[in-house]
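Single-structure report; data block below.
Computed from the coordinates by the stated procedures, all read-outs in this text should not be read as laboratory data. Everything quoted here is computed from the prediction, not taken from an experiment. So basically every Cβ, Gly included, is an ideal-geometry build from the backbone, and we count neighbours across all protein chains shown.
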Amino acid sequence: MFIHLGGDEVIRSKDVIAILDYNYEEPVEITEEFLAARTSENTVVISPDLTKSVVLTTDKVYHSPISSSTLKRRANVVSEFEDYSEEAKEDEET
């Protein structure tokens, strides 16, 4: 399944490692250090004016204008749908 991050960016849900809250006003020091260590070629800034969350995937870091709580909710919906699909497949096989 896929998760829409804002703009034209859509990623595969299975590639998500973490969804972090990002606050420019009071950034968490460890998050700042981690993001600074990532190479800029692997960073995608979806909306240069506003970053509310950072999504880490297996190959890129996305700065999203969508809040981390909304992205987590979308990821949970995808996860629940995948679980339901797996249960339906098992029921069909039996």
Peptide ranges 56-68, 9-21, 40-52 listed from the most packed, as the mean C-beta count within 10 angstrom indicates: 56-68, 9-21, 40-52
Would you kindly state how much longer the chain becomes between residue 17 and residue 1 on full extension, computed as 0.36 nm times their sequence separation minus their alpha carbon distance, in nm to one decimal? 4.3 nm
Explain nothing, just compute: Karplus ³J(HN,Hα) = 6.51 cos²θ - 1.76 cosθ + 1.60, θ = phi - 60°, for every residue of region 67-72 in order, whole Hz, x for Gly and Pro. 4, 4, 5, 5, 5, 5
For residue 61, list long-range residues whose amide hydrogen, built 1.01 Å from N in the peptide plane, is under 5 Å from its own amide hydrogen. 43, 44
Between residue 31 and residue 44, what is the spin-label point distance in nm, taking each point 7 Å from the Cα along the Cα→C-beta axis? 2.0 nm
In whole Hz, what ³J(HN,Hα) sequence does region 7-12 give by Karplus (6.51, -1.76, 1.60; θ = phi - 60°), x for Gly and Pro? x, 9, 8, 10, 10, 6
